[in-house]
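Any read-out appearing in this document is the output of simple, stated calculations on the displayed coordinates, not a laboratory observation. From a predicted model like this one, the values you see are computed outputs, not experimental measurements. Here the Cβ positions follow ideal geometry from the backbone for every residue, glycine too, while neighbour counts run over all protein chains shown.
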Amino acid sequence: MKAAYENTLKRIDRIPPEGLKQIVRNLLAENSIYESALNSTLDGIIVCDLAHKPLFINRSAEKITRIVSWAQEVVLWEQLDDDNLADFIQEALSSEKNILNHELSISRPGGTRLLSISISALVSEGKIAGNLIHIEDITEKRRREAQLRRAESLAALTTLAAGVAHEIKNPLASIRIQLGIIRRILEKNCAKKTEPIFHNISLVEQEIDRLNSIVVDFLFAVRPMDITLIRNRVEDVIKEVVEIMGNEASVHHINIVCEFEDNLPEVMIDPKHLKQALLNIVKNAIAAMPNGGTLTISAVTRHDELQISISDTGIGIPEELLAKIFEPYFTTKESGTGLGLTITFKIIKEHNGEITVESKPSKGSTFTIHLPIPQPEQKSLPPWEDGLQIEGSEMEE
Ligand SMILES: Nc1ncnc2c1ncn2[C@@H]1O[C@H](COP(=O)(O)OP(=O)(O)OP(=O)(O)O)[C@@H](O)[C@H]1O
Ligand SMILES: [Mg+2]
């Protein structure tokens, strides 16, 4: 393109006015393409002349430096509102050195922003004609990198902790077995079964069991789950849960009500894991009703999902805690591990489902599990099979 314009320049005296107008129009169109390309990039670009006055500042640079309208006759640093940035640009441009990815923070009303600045000579026709300044706002990039680093170190820590927990589990099992043997030997040799030593043994056994359930829950929460989804009925899983928890519920004067919609579809579930997820919610519901109440478990279809709701008439959850209850180790109970709902959440996610909760203090809580209902495969027929006609596609005989 440049060669064509050079040729035009050589014969400019012979070009009629209409031809000249067209050439200028072409030049303007070309210029506007370059300008929009430079203005569309997210990187800030500033071109300065040899006197350090701006020749061009693209949109991103205007946004990053907050230069509202720039003046061509004023040196660049005098047009910058941040002292830190202005001082750096003045020193860098005056020193005439190339600068690569210098990081600098500037203060902005929303907080500090981190910039990466590179400055190089602008070479035109083999001569230095000024400077090209490249500015990038790397605040989000750095934040994401830090987040990734944190996630990586957390993952490494979790693996390490899972390893330690696993190592604790085996000797714990062996301690429990040995204690059982000691109990049996003592029972054989002691005349009275009421000896205080049996009370002490029971206490140690209880503590071992507690420690074991903490370790087991922790491993369950952090290890990848071995979930196999099969088409199955959720009603059967719910009935099993009710059977398991029935005794505990009646001891606490809790009435369990099940409400299943007719003809519920089968959904993709791992019955064993779903049972665990429901048990954790039901156990919490029972704990939330120390003076008795009603536990309602319902299963209904809504659009393309099956919803299982577990409602209690218990103490409820204060609004400020609602966002925390699925977090690992969040508990308000003296002997809780705070892993129950974390495990439930993980299981439901593995089912490609969601779990939501609504609660009102002293009224009760409702946990709803949303499971996708498998849809019949949609076959896309070719348009002529489908009775559709593509415009202009009629075959000529
Ligand atoms: N139905 C509910 N009613 C009131 N509070 C609840 C209910 N379900 C959960 N919570 C609150 O959420 C917290 C976290 O529950 P989660 O099941 O994860 O742990 P936990 O029950 O405390 O301990 P565990 O790991 O032994 O289950 C509970 O400590 C409780 O404060
Ligand atoms: Mg719990």
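With a ≥ b ≥ c the root eigenvalues of the C-alpha gyration tensor of the range 187-268, is it rounded (a/c under 1.5), prolate (a/b larger than b/c) or oblate?
Values: a/c = 3.66, a/b = 1.85, b/c = 1.98.
It is oblate, given that a/c is not under 1.5 and a/b is not larger than b/c.
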Just to be sure I understand: if I project the alpha-carbon convex hull of the chain onto a plane and average over all orientations, what area do I get in nm²? 41.1 nm²
By the Cα gyration tensor axes a ≥ b ≥ c (a/c under 1.5 gives rounded; else a/b larger than b/c gives prolate, otherwise oblate), the shape of the range 1-40 is oblate
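Taking a 29 Å limit on the Cα-Cα distance, which of the listed pairs Lys272/Lys360; Lys169/Lys363; Lys188/Lys272; Lys169/Lys283; Lys239/Lys349 fall beyond it? Before the final figure, lay out each step's value.
Values: Lys272/Lys360 31 Å; Lys169/Lys363 40 Å; Lys188/Lys272 40 Å; Lys169/Lys283 24 Å; Lys239/Lys349 22 Å.
Beyond 29 Å between Cα atoms: Lys272/Lys360; Lys169/Lys363; Lys188/Lys272.
Give the relative contact order (percent, whole number) for the range 42-137; include only Cα pairs under 8 Å separated by 6+ residues. Intermediate values should be presented prior to the final figure.
Numbers: 187 pairs, mean separation 28.7, N = 96.
It rounds to 30 percent for the range 42-137.
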Using the count of nearby Cβ atoms within 10 Å as a rough guide to exposure, how do Tyr34, Tyr5 rank from fewest to most? Tyr34, Tyr5
Please check: in the Gaussian network model of the chain (C-alpha springs, under 10 Å), which one of Gly19, Gly338, Gly163 has the largest mean-square fluctuation. Gly19
How far, in degrees from 0 to 90, does helix 139-189 lean away from the longest principal axis of the Cα atoms of the chain, to the nearest 10? 10 degrees
Against the longest principal axis of the chain, how steep is helix 83-95, in degrees 0 to 90 to the nearest 10, with axes from Cα atoms? 50 degrees
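If each residue's Cβ is checked for other Cβ atoms within 10 Å, how do Lys333, Lys349, Lys275 rank with the fewest at the top? Intermediate values should be presented prior to the final figure.
Numbers: Lys333 10, Lys349 13, Lys275 18.
Going from least to most buried by this count: Lys333, Lys349, Lys275.
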Expressed in nanometres to one decimal, the distance between label points 7 Å along Cα→Cβ at Leu50 and Ile181 is 9.4 nm
To the nearest 10 degrees, the tilt of helix 234-251 (Cα long axis) against the first principal axis of the alpha carbons of the chain is 50 degrees
Calculate the FRET efficiency for Asp87 and Glu152 from the Cβ-Cβ distance with a Förster distance of 30 Å, rounded to the nearest 0.05. 0.25
In a GNM of the chain with a 10 Å cut-off on Cα contacts, which of Thr139, Thr41, Thr313 has the highest mean-square fluctuation? Thr41
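Would you please classify the overall shape of the range 205-344 from the alpha carbon gyration tensor, given that a ≥ b ≥ c denote the square roots of the eigenvalues, rounded means a/c under 1.5, and beyond that prolate means a/b larger than b/c while oblate covers the rest? Can you show the working numbers first?
Working: a/c = 1.60, a/b = 1.22, b/c = 1.31.
Here the range 205-344 falls in the oblate category.
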Taking every other residue with Cβ under 11 Å from the Cβ of Met225 and scoring Lys and Arg +1, Asp and Glu -1, one gets +1
FRET efficiency for Lys63 and Leu100, using Cβ-Cβ distance with R0 set to 25 Å, rounded to 0.05: 0.65
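Once the piece of chain linking Ala3 and Asn200 is laid out straight, how much longer is it, given 0.36 nm per residue of separation minus the C-alpha distance between them? Don't skip to the answer; put the middle values down first.
Numbers: separation 197, 0.36 × 197 = 70.92 nm, distance 9.85 nm.
Using 0.36 nm per residue and subtracting the Cα-Cα distance, I get 61.1 nm.
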How large is the helix-only mean residue ellipticity at 222 nm for the chain, computed as the sum of -39500 (n - 2.57) over DSSP H runs with n ≥ 4, divided by its residue count, in deg cm²/dmol to the nearest 500? -15500 deg cm²/dmol
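Nearest 0.05, what FRET efficiency do Ser32 and Asn352 give at R0 = 45 Å with Cβ-Cβ as r?
Details: r = 49 Å, r/R0 = 1.10.
Here the calculated transfer efficiency is 0.35.
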Describe numerically, in nm with one decimal, the distance between label points set 7 Å from Cα along Cα→Cβ at Glu140 and at His252. 4.6 nm
How many angstrom separate the Cα center of the range 292-363 from the Cα center of the range 82-145? 51 Å
Extended-chain gain in nm, criterion 0.36 nm per residue less alpha-carbon gap, Arg302 and Arg11: 97.0 nm
